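Okay, so here's the structure we're looking at.
Nothing in this text is a laboratory measurement; each read-out follows from the coordinates by a stated rule. Note that this is a predicted model, so its numbers are computed, not measured. Using ideal geometry, Cβ is built from the backbone for each residue, glycine included, and neighbour counts are taken over all protein chains shown.
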Amino acid sequence: KQEVTQIPAALSVPEGENLVLNCSFTDSAIYNLQWFRQDPGKGLTSLLLIQSSQREQTSGRLNASLDKSSGRSTLYIAASQPGDSATYLCAVRRNQAGTALIFGKGTTLSVSS
Amino acid sequence: SAVISQKPSRDICQRGTSLTIQCQVDSQVTMMFWYRQQPGQSLTLIATANQGSEATYESGFVIDKFPISRPNLTFSTLTVSNMSPEDSSIYLCSVYSGRAGNEQFFGPGTRLTVL
C-alpha cells in the first residue's frame, strides 16, 4: 500500500530564505507526482506536476525534483515571501488509468516579514 | 486546466440530517473524485464517480452514508447522510484535466460543521 510522508510537518522561516520541503513515498511505481498549496479553509491549488520520466519541474520561484527510484521528491522555494505561507501537500498517482491521488499530510509553512 | 465550483461553500448542520454537495466542472470529464479532509488531516478519497455507472467507494466509505450521483459529464453530487459531529470536514471534488489529462484539479471545497 502506497504511503506518502512529508517532513517537516511545520516550518517557520524569515522572509527571503530559501527552503526545501521533503516528500517520500513507499512504492516507487508511480505515474506522476503533484505538489499543491492549500490556504487555510480553502481548496487546493496545483503548483507543479512531475511525470515519472522527469527529474524536475520549475515554475517561478518553485522547483520540484523527483527521484523515483529512491521514492523522494523535494519542493524548493527560493526567496520566500509572507504570501508563501500555506500548507504544501505532496501527492502521487499510481498509474495512468485515472486513479486518484494519494496524499501526504502536508508541511505548514509560515514566512514572517 | 479545469475550473470547478462547489455548492454550498460551507454549512452548519444538525446531527441526524443530510446535506447534498454539488460539484460543477467547466468541461466534460470521465471521472470525478470526492475527497474528505478532516480537521488537521490530509485528504482521503471517498469515492470515484463515473458517468453512467455506480460510484466506486474506498475502504471505510459506504454508499448508504455517502450516496453519489453523476447525471452527466460535468456534474456530480455527494450526499452526507445521517450526519454526526465526526462528519465535520472539508469535502472536495476533483477531476483530471490539463495537458494529457494528467493534472488533478480541485474545487474550492465545502466546509461542513455538524453540531
* Name the single residue, out of those in the stretch A:54-113 being within 14 Å of chain B (Cβ to nearest Cβ), among the hydroxyl-bearing types (S, T, Y) and closer than 15 Å to A:P8 by Cβ, that is surrounded by the fewest Cβ atoms within 10 Å (Cβ to Cβ). => A:T108
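For the stretch B:25-115, which strands (runs of 3 or more DSSP E) that fit wholly inside it have 3 or more residues that are within 11 Å of chain A (Cβ to nearest Cβ)?
Hits in the stretch B:25-115: B:31-37, B:43-50, B:89-97, B:103-106.
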* Asked: Looking at B:E86, is it over 23 Å from B:I12 (Cα atoms) and acidic (D, E)?
  -> no
* With B:S84, B:S94 as the choices, which residue is surrounded by fewer than 20 Cβ atoms within 10 Å (Cβ to Cβ), out of contact with any helix residue (DSSP H, G or I) (no Cβ under 7 Å at 6 or more places or on another chain) and among the hydroxyl-bearing types (S, T, Y)? -> B:S84
* To do: Kindly provide the set of residues from the stretch A:23-61 that are assigned to a strand (DSSP E or B) and over 21 Å from A:T99 (Cα atoms), ordered by number.
  => A:Q38, A:E56, A:Q57, A:T58, A:S59
* Asked: Identify, please: which residue in the stretch B:3-48 is among the small types (G, A, S) and crowded, with 19+ Cβ neighbours inside 10 Å and is, among those, farthest from A:T107 (Cα to Cα)?
  -> B:A47
* Close pairs (6 angstrom Cβ cut-off, 6 or more residues apart or separate chains): in a loop (DSSP other than H, G, I, E, B) in the stretch A:69-84, buried (at least 16 other Cβ atoms within 10 Å of the Cβ) and among the hydroxyl-bearing types (S, T, Y) anywhere -> A:G71/A:S24
